[in-house]
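Data first, discussion second: the structure below is written as structure tokens.
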Amino acid sequence: MNNVFAQIAERLQRPPLWIDFEAYAARVFAGAPADWLVNAHRYADAMAQAQKLVRSDVIALDLTQAALAKSGPGADLPLAERLGTWASDPASHRFNTDVLDEAFHRLAAQAALVMALPSPSRLLRAWGVEPPFDFDDLDDVASALVALLRQHADRRFTALMIDCDEAGGPSAGELEACAPLQKSANYYGWGVAWRLDAAPQGEAPAELLAASSVDVVLLGGWSDAALTVQGEERLAGGLNDVFWCDEAACAPSWPGMRFGSIPAQALPERIASRLDLLRC
């Protein structure tokens, strides 16, 4: 596997661990504040404290959630107007800049930092638009995401992660709309990951895997056994809710990258024991 995550594995001499611990950090290290996405210093401090415990090899930083937290659904609002308001929000831009400044200062030596963006379909859903999605809408949103990526292109990110919540993964139209987004990431020397938390176990996203520009597909809901059956080295997962929350769990046997999210309400003692399992 000749990609940025294979290079990390080669450097570490083991499968990389990519653990999404943001929700857990917000609750355990920051007290689940209502304004979690407002105070950049507190956000970065909680993430840095959590990383000392989790020790993830990869950390994704979402550059849209602060703005999205301010803009609720509103399918009746013209898309162009919504995109313009969303992309130009000064408070969200300041939050992102401050978080990135602290993250690259405090975390870059400990983990590969990845820019996380929602897929166009995920953004449209968040704004109250229901499928089937119009290609022009997908394309307009993807263009806005390219502009956001370029605002932070001077940062030394390892990869771009596109987060899609469609059960079947991105459609052919969405993949076409996202081609400039993926090419922009490659232009800056970054890898490309797609996150598909809603993908049913056992149904590998064949069309997405056929795209040569995709370094890894993250399947947060997949078990270690489901990954083993597929045997595709560009899939990552195995750390689903069952792994984190069940009383009995085994260390993953999947030889590729392990990926999953720590549930926000998981017991700290159990999380500590699962992290110990991953380091055996």
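The values are calculated or read from the model by the stated rules, or taken from the named source; none is laboratory data. Note that this is a predicted model, so its numbers are computed, not measured. All Cβ positions, even for glycine, are placed from backbone atoms using ideal geometry, and neighbour counts span all protein chains on display. Side chains are part of the model used for accessible areas, which takes the heavy atoms of the whole protein and leaves out ligands, DNA and RNA. Shrake-Rupley method; radii C 1.70, N 1.55, O 1.52, S 1.80 Å.
Roughly speaking, what is the stretch gain from Ala34 to Ala251, that is 0.36 nm per residue apart minus the C-alpha to C-alpha distance, in nm to one decimal?
Working: separation 217, 0.36 × 217 = 78.12 nm, distance 3.48 nm.
My answer for the length gained is 74.6 nm.
In terms of the Cα gyration tensor, with a ≥ b ≥ c the square roots of its eigenvalues, is the stretch 152-269 rounded because a/c is under 1.5, prolate because a/b exceeds b/c, or oblate? Verdict is prolate for the stretch 152-269.
Rounded to whole numbers, the Karplus 3J(HN,Hα) couplings from phi for the stretch 200-206 are x, 4, x, 10, 5, x, 4 Hz, using 6.51 cos²θ - 1.76 cosθ + 1.60 with θ = phi - 60°, and x at Gly and Pro.
The phi torsions of the stretch 97-103, fed into the Karplus equation with coefficients 6.51, -1.76 and 1.60 and a -60° offset, translate into couplings of 4, 5, 4, 5, 4, 6, 5 Hz, rounded to whole numbers, with Gly and Pro shown as x.
How long are the semi-axes of the equivalent ellipsoid of the stretch 1-105, taking √(5λ) for every eigenvalue λ of the Cα gyration tensor, in whole Å from largest down?
Values: eigenvalues 176, 72, 30 Å².
Square roots of five times the eigenvalues give 30, 19, 12 Å.
Within a Cβ distance under 14 Å of Thr64, other residues only, what is the Lys/Arg minus Asp/Glu net charge? Charge balance in the 14 Å sphere: 0.
Near the amide H of Asp62, within less than 5 Å, lie the amide hydrogens of Ala116, all on another chain or at least 5 residues away, with H placed in the peptide plane.
What relative contact order, as a whole-number percentage, does the chain give when Cα pairs under 8 Å and 6 or more residues apart are counted?
On the way: 458 pairs, mean separation 53.7, N = 280.
Dividing the mean separation by the residue count of the chain yields 19 percent.
Might you tell me the accessible area per residue for the chain, computed with a 1.4 Å probe and given in Å²? Mind dumping the intermediate values first?
Numbers: 12500 Å² over 280 residues.
Here the per-residue accessible area is 45 Å².
As a calculated quantity, the FRET efficiency between Ala80 and Ala109 at R0 = 45 Å, using C-beta atoms, amounts to about 0.60.
Net length available on complete extension from Ser143 to Asp165 is 6.0 nm, with 0.36 nm assigned per residue and the Cα-Cα distance removed.
Quick check on the chain: helices-only [θ] at 222 nm, where DSSP H runs of length 4 and up contribute -39,500 (n - 2.57) each and the sum goes over total residues. Nearest 500, please. Write down the numbers at each step before the final one.
Numbers: 13 runs with 128 residues, N = 280.
So the helix-based figure for the chain works out to -13500 deg cm²/dmol.
Mean sequence separation of contacting Cα pairs (under 8 Å, at least six apart), scaled by the length of the stretch 188-280, corresponds to a relative contact order of 23 percent. Amide H contacts of Leu235: Val217, each under 5 Å away and 5 or more positions distant or on a separate chain (H built 1.01 Å from N in the peptide plane; Pro and chain starts excluded). Annotation: His105 carries an accessible surface of approximately 150 Å², with a 1.4 Å probe and no ligand, DNA or RNA atoms counted. Rounded to whole numbers, the Karplus 3J(HN,Hα) couplings from phi for the stretch 18-34 are 10, 10, 7, 10, 4, 4, 5, 4, 4, 7, 7, 9, 10, x, 6, x, 5 Hz, using 6.51 cos²θ - 1.76 cosθ + 1.60 with θ = phi - 60°, and x at Gly and Pro. Give the shape of the stretch 227-280 as rounded, prolate or oblate, defined through the alpha-carbon gyration tensor: a ≥ b ≥ c are the square roots of its eigenvalues, a/c under 1.5 means rounded, and otherwise the shape is prolate if a/b is larger than b/c and oblate if not. Prolate, because a/c is 1.5 or more and a/b exceeds b/c.
Among the listed values (1) 1, 5, 13, 17, 19, 18, 15, 9, 3, 1, 0; (2) 1, 5, 12, 15, 16, 16, 13, 10, 6, 4, 1, 0, 0; (3) 1, 5, 8, 10, 10, 10, 10, 8, 6, 4, 3, 3, 2, 2, 2, 2, 2, 2, 2, 2, 2, 1, 1, 1, 1, 1, 0, 0, 0, the one computed from these coordinates for P(r) over Cα pairs in 5 Å bins from 0, in percent is (1).
Take the solvent-accessible surface of the protein heavy atoms, probe 1.4 Å, and return the percent of it on the stretch 126-280 that carbon and sulfur atoms account for.
51 percent
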